[in-house]
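Below: the structure, in structure tokens.
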Amino acid sequence: MARDNSPRNRQAQKLARKQGNRLPADRILIVSEGSKTEPQYFEEIRQVLKLPTANICMMPSDFGTSPDQVVEYAMEIFQKGCPHRNIRAKSFEKVYAVFDRDEHAHYFDALKLVKTYQQKKLKNDLKEPITVKAFASIPSFELWLLLHFEDCFAPIHRHDVVKKLKHKNYIKDYEKAQQGLYLKTKAYLPEATERATSLTEKNTAEDGVQPYTNIHELVTELHNIKPTSASAKG
């Protein structure tokens, strides 16, 4: 029987090979506003949970720290890849942008951008629809850390969040870009998740004023990824 070597068949074979080599978990791109605190926190989770680097890629935005720039950089990396980081174009199932409300002028623009990309229904290198999502914190990422130790029901300035972390000695000598934040707080992760969940049930990222963070959803997702046998061996 003659072999079908049509373009459509070759494409189907190529796709089948890609799917056959697919990793057991989704490939996740996480781009953050912060250049150190957030990437170090998520990288520490990856290391502690022994998750493969092939699945989890974390980096700060090279376009700038404005939330809209974080979203645009995340989508740039997804669509074009990044050769010097050995990232191929469209090689993710999930693209996440992590940013703060803080006093950013373009915070709401970033939320709109995420919705715009969601509506485009982009596909990855396996021709599968991808997930684009914002992980926002009001006022800042430090709120997520504070929720490990106490509730926060009223609007609060980011400086006051940091003061609480420091002066109540929740995280001794807390500073941005501090190493070991995950290990220092993980014992209180259930409480933080419960408090953050309660906030997301009452408030929204679009409000921009009331305390809010959905970082717990990303942390929970990372915890639910099973390490490969190779990575589990260290």
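The values are calculated or read from the model by the stated rules, or taken from the named source; none is laboratory data. Model, not experiment: these values are computed from the prediction. Don't worry about glycine lacking a Cβ; one is built from the backbone with ideal geometry, like all the others, and counts go over all protein chains shown.
With assigned to a loop (DSSP other than H, G, I, E, B), surrounded by fewer than 20 Cβ atoms within 10 Å (Cβ to Cβ) and at positive phi as the only criterion, which of A177, A154 stands out? Answer to the selection: A177. Exactly one residue among L113, L126 is at pLDDT 95 or above, touching a Lys or Arg at 6+ places or on another chain (Cβ under 9 Å) and more than 30 Å from D173 (Cα to Cα), and that residue is L126. Restricting attention to the range 28-61, and to residues there that are touching a strand residue (DSSP E or B) at 6+ places or on another chain (Cβ under 9 Å) and part of a loop (DSSP other than H, G, I, E, B), which single residue is surrounded by the most Cβ atoms within 10 Å (Cβ to Cβ)? Of everything passing the filter in the range 28-61, E33 is surrounded by the most Cβ atoms within 10 Å (Cβ to Cβ). Condition check for R85 on (1) at pLDDT 95 or above; (2) surrounded by fewer than 17 Cβ atoms within 10 Å (Cβ to Cβ); (3) touching a strand residue (DSSP E or B) at 6+ places or on another chain (Cβ under 9 Å): one failure, at (1). Residues in the range 183-204 include none that are in contact (Cβ under 8 Å) with a residue 24 or more places away in the chain, touching a helix residue (DSSP H, G or I) at 6+ places or on another chain (Cβ under 9 Å) and among the acidic types (D, E).
The residues of the range 193-225 that are more than 17 Å from the chain's Cα centre (by Cα), hydrophobic (A, V, I, L, M, F, W, C) and buried (at least 19 other Cβ atoms within 10 Å of the Cβ) amount to a single one, L199.
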